[in-house]
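The values are calculated or read from the model by the stated rules, or taken from the named source; none is laboratory data. Worth saying up front: this structure is predicted, and the values here are computed from it rather than measured. Here the Cβ positions follow ideal geometry from the backbone for every residue, glycine too, while neighbour counts run over all protein chains shown. To get the accessible areas, we keep the full protein, side chains included, count just its heavy atoms, and leave off ligands, DNA and RNA. Shrake-Rupley method; radii C 1.70, N 1.55, O 1.52, S 1.80 Å.
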Amino acid sequence: MTILTEREAPTSDGINPSRARHAVRALYTRPALTVADLSAPLLALPDDAPKGSPLPGAVPLADVPATVARWAELGVHGVKAFAYGHDRDGRASGALAPGNRMVSAIAAVKSTVPDMAVTTEVCGCSWTDHGECVLRDDDGGIDLDATFRLMGAMAVQHADVGTDVVSPTAMLDGSIRAVRAALDDAGHRDVGVNPNLAIHTGLYGPFKTLMNTNPRSGHRRGFQLEPGRADKDTIVQAHRWIDEGADSLTLQPVMTAVDVLVRTRGSGWASTPDSRTRPGSHWVPMSPGTA
């Protein structure tokens, strides 16, 4: 119990929070963070994968229904799905194969918990034999046109089977516009686009090892933001993604970049006539990223 001394007593024009009544406290309390505000990572692994992955949400494909059903009982309303790629080659053919592991995971979630919001990773890293986020030309350079076509086709495929939001993760200028255009052309104007703002870090290591997405080059530094410049570059990149049509953004790894999150979340901007943001929106919701 707090005891107020004469010196600590509130002045006639002030309110001492330790004395405020419950009704007053409740009136000014900020919304609490609840499980309904969370989106769980769902890593769909091969059915013969060893049990007991050290990463939360990593389960064999066959266990996806039971997993999301348990999450729904706990009050979780969303998942972000990643798939362990198969049939990997230089053109990421498995990413567009009918009934591939990502398609199957989306279908399993939606058939089990139809109201679960599903966000899906759209990237070549799980599907290329070199582990890169992009497709390469014959000279080893980035084939941007082919990469954009792949990302757009993946987004449409995911939307066709029920995903609510697609998350392009290769940080390539022009990719968000390409994905948004592909979705619109396919009639999926109500499917959101949530690109990554990825800061380079070694914290992605366990995920890359589990999903077998370590790039042949050894790192993805060219596709991620430099840690020493993240506080500035994240805001610049966020503006680019919004101009290209992003509906929301994911910053990762958020737990070690709270300062960047706060700065970016606080830098609201007005929509422009050329912007593809939702009509009348002035702030972009920032989603907490996963490593």
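Condition first: without any contact (Cβ under 8 Å) to a residue 40 or more places away in the chain and open to solvent by less than 30 Å² (accessible area, probe 1.4 Å). Now tell me which residues in region 157-174 satisfy that.
Ala159, the sole residue that qualifies.
Restricting attention to region 116-128, does a residue exist that is more than 23 Å from Arg180 (Cα to Cα) and surrounded by fewer than 21 Cβ atoms within 10 Å (Cβ to Cβ)?
no
With (1) open to solvent by 20 Å² or more (accessible area, probe 1.4 Å); (2) assigned to a helix (DSSP H, G or I); (3) out of contact with any Gly (no Cβ under 8 Å at 6 or more places or on another chain); (4) under 25 Å from Leu197 (Cα atoms) as the list, and Phe148 as the residue in question, which single condition is left unmet?
Looking at each condition in turn, Phe148 falls short on (3).
With hydrophobic (A, V, I, L, M, F, W, C) and farther than 26 Å from Arg149 by Cβ as the only criterion, which of Val59, Val103, Val118 stands out?
Val59
Restricting attention to region 30-74, report how many residues are open to solvent by 90 Å² or more (accessible area, probe 1.4 Å) and outside any helix (DSSP H, G or I).
Number satisfying all stated conditions: 9.
Which residue, of Leu251, Leu203, Leu172, Leu197, is outside any helix (DSSP H, G or I) and more than 26 Å from Arg136 (Cβ to Cβ)?
Going through Leu251, Leu203, Leu172, Leu197 in turn, just one is outside any helix (DSSP H, G or I) and more than 26 Å from Arg136 (Cβ to Cβ): Leu251.
How about region 96-112: which of its residues are within 25 Å of Ala40 (Cβ to Cβ) and open to solvent by 30 Å² or more (accessible area, probe 1.4 Å)?
Within region 96-112, Gly99, Arg101, Ser104, Ala107, Lys110, Ser111, Thr112 meet the criteria.
Residue by residue through region 206-220, note down the ones that are outside any loop (DSSP other than H, G, I, E, B) and out of contact with any strand residue (DSSP E or B) (no Cβ under 9 Å at 6 or more places or on another chain).
Selection gives Pro206, Lys208, Thr209.
Against the definition (out of contact with any helix residue (DSSP H, G or I) (no Cβ under 7 Å at 6 or more places or on another chain), open to solvent by 20 Å² or more (accessible area, probe 1.4 Å) and either at pLDDT 80 or above or over 21 Å from Val179 (Cα atoms) (or both)), how does Ser287 come out, yes or no?
No; evaluated as a whole, the condition is false for this residue.
Which residue pairs have Cβ atoms closer than 6 Å, lie 6 or more positions apart in sequence or on different chains, and pair a first residue in region 230-256 that is farther than 20 Å from Thr119 by Cβ and aliphatic (A, V, I, L, M) with a second residue that is modelled with pLDDT under 95 and assigned to a helix (DSSP H, G or I)?
Ala230/Val260; Ile235/Thr264
Among the residues of region 191-213, what is the count of those that are closer than 19 Å to Leu261 by Cα, of a type in the set (Ser, Thr, Tyr) and either open to solvent by less than 20 Å² (accessible area, probe 1.4 Å) or free of Cβ contacts under 8 Å to residues at least 40 places away in the same chain (or both)?
Summing the residues that are closer than 19 Å to Leu261 by Cα, of a type in the set (Ser, Thr, Tyr) and either open to solvent by less than 20 Å² (accessible area, probe 1.4 Å) or free of Cβ contacts under 8 Å to residues at least 40 places away in the same chain (or both) in region 191-213 gives 1.
Can you confirm whether region 184-192 contains a residue that is at pLDDT 95 or above and in contact with a strand residue (DSSP E or B) (Cβ under 7 Å, 6 or more places away or on another chain)?
Within region 184-192 (the criterion being at pLDDT 95 or above and in contact with a strand residue (DSSP E or B) (Cβ under 7 Å, 6 or more places away or on another chain)), the answer is yes, since at least one residue qualifies.
Can you tell me which residues in region 221-247 are modelled with pLDDT under 95, outside any helix (DSSP H, G or I) and open to solvent by less than 20 Å² (accessible area, probe 1.4 Å)?
Matches in region 221-247: Leu225 only.
Hey, among the residues in region 246-256 that are touching a Leu at 6+ places or on another chain (Cβ under 6 Å) and among the aliphatic types (A, V, I, L, M), which one's nearest to Leu183 (Cα to Cα)?
Leu249
Can you run down the residue pairs with Cβ atoms below 6 Å, 6 or more apart or on separate chains, where the first is in region 178-190 and in contact (Cβ under 8 Å) with a residue 12 or more places away in the chain and in a loop (DSSP other than H, G, I, E, B) and the partner is crowded, with 20+ Cβ neighbours inside 10 Å and small (Gly, Ala, Ser)?
Qualifying pairs under 6 Å: His188/Ala159.
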